[in-house]
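Here is the structure we will look at, set down as structure tokens.
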Amino acid sequence: MNRTDTLFAALADPTRRAILARLAEGEAGVMELAEPFEISQPAVTRHLKVLEGAGLILRRAEGTRRPCCLNPDALGEIEAWCTRLRETFAANYDRLDTLLANLQRKDAP
Amino acid sequence: MNAPTRLTLATEGDTEVVVTRRFAAPPELVYRAHVEPDLIRRWMTGPDGWEMPRCECDPRPGGAIRYDWAPAGGGEGGFHLTGEFRELVPHSRIVHVERMHLPDPTPDNEITTTFEPTADGGTLLTARMRLPNAESRAAMLASGMEHGMEDSYARIDGLFADAG
């Protein structure tokens, strides 16, 4: 898989998206992250490995704890993709505004 | 009539991308601009610097769609799209399937476009794009980048709206 695929495959899982949403509020450890889900800590650890492998989160060592936080660079990349797609639509729809205004003037009695 | 509102674009679930936009024109006109080639080619040209030398569609169930894009004034890098209409409810709803040829075909993208009248006489357009799987959605978002524009890191509302 290329980098784009790895990123979006990591995002395709609802539990992983929920973990990211939680991390958007701030750094958290594995136990805190496991709490809202009915899954084991090892399962959460597996999800964290996928997220880390995709570059979506960063983990640091703090004694025996390894708290996680969002990787702002990776999210910026995803946002940039969505933004470019959005810009294509925006350019199209801005032209459509002009076209619709012209059509309405023509149709006006 | 109020000024048109900003576009929203959000990912939804694993395979969908949903775009909404308001227009200061009634649904009938916005709908026509999506099914009449003479109108389509005047707006669906993507980023600045592109044009549609070929724009054909047959708006009835099973009818074919073929759009070609090329750099304005000639040059390399053109690509095209083929598709089929599945369902049309005049002035209200279009369901069609499309794929880009870059030149290999991208996975089928099923798009449901709805045109809803708003209280001020305008239209709320919603385009719901459904890809076969998460990977092909990723590829589609990335291909939006290929025909690229300047970087921008504006916050995408709702990127994680479906989390949890």
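The values are calculated or read from the model by the stated rules, or taken from the named source; none is laboratory data. All of these numbers come straight from a predicted model, not from anything done at the bench. Cβ sites come from the backbone with ideal geometry, for glycine too, and all protein chains shown count toward neighbours. Protein only, heavy atoms only, side chains kept; ligands, DNA and RNA dropped before computing areas. Shrake-Rupley method; radii C 1.70, N 1.55, O 1.52, S 1.80 Å.
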With a 1.4 Å probe and all protein chains in place, put B:His101, B:His91 in order of accessible area, largest first. B:His91, B:His101
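Taking each residue in B:6-18, count the Cβ atoms of any other chain within 10 Å of its Cβ, then average. What number comes out?
On the way: counts 3, 7, 2, 8, 2, 5, 0, 3, 7, 1, 0, 4, 0.
Taking the mean over all residues of the peptide, I get 3.
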Can you give the accessible area of B:Trp43, probe radius 1.4 Å, in Å² rounded to 10? 10 Å²
Simple spin-label estimate for B:His101 and A:Arg66 in nanometres, 7 Å along Cα-Cβ: 4.9 nm
Give me the inter-chain shielding for B:27-40: mean count of other chain Cβ atoms within 10 Å, whole number please. 2
Which sequence of A:Ser40, B:Ser136 reflects their accessible areas, 1.4 Å probe, from the largest down? A:Ser40, B:Ser136
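Which order do you get for B:Cys57, A:Cys68 if you rank them by accessible area with a 1.4 Å probe, largest at the top? Please report the intermediate quantities before stating the final value.
On the way: B:Cys57 25, A:Cys68 0 Å².
Ranking B:Cys57, A:Cys68 by accessible area, largest first, yields B:Cys57, A:Cys68.
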Can you give the accessible area of B:Tyr67 in Å² (nearest 10), computed on protein heavy atoms with a 1.4 Å probe? 10 Å²
Per its Cα gyration tensor (rounded if a/c is under 1.5, else prolate when a/b beats b/c, else oblate), segment B:1-112 is best filed as rounded
Let me cross-check B:Leu88: its accessible surface, 1.4 Å probe, with only protein heavy atoms counted, in Å² to the nearest 10? 30 Å²
Average beta carbon contacts from partner chains per residue of A:93-106, 10 Å cutoff: 6
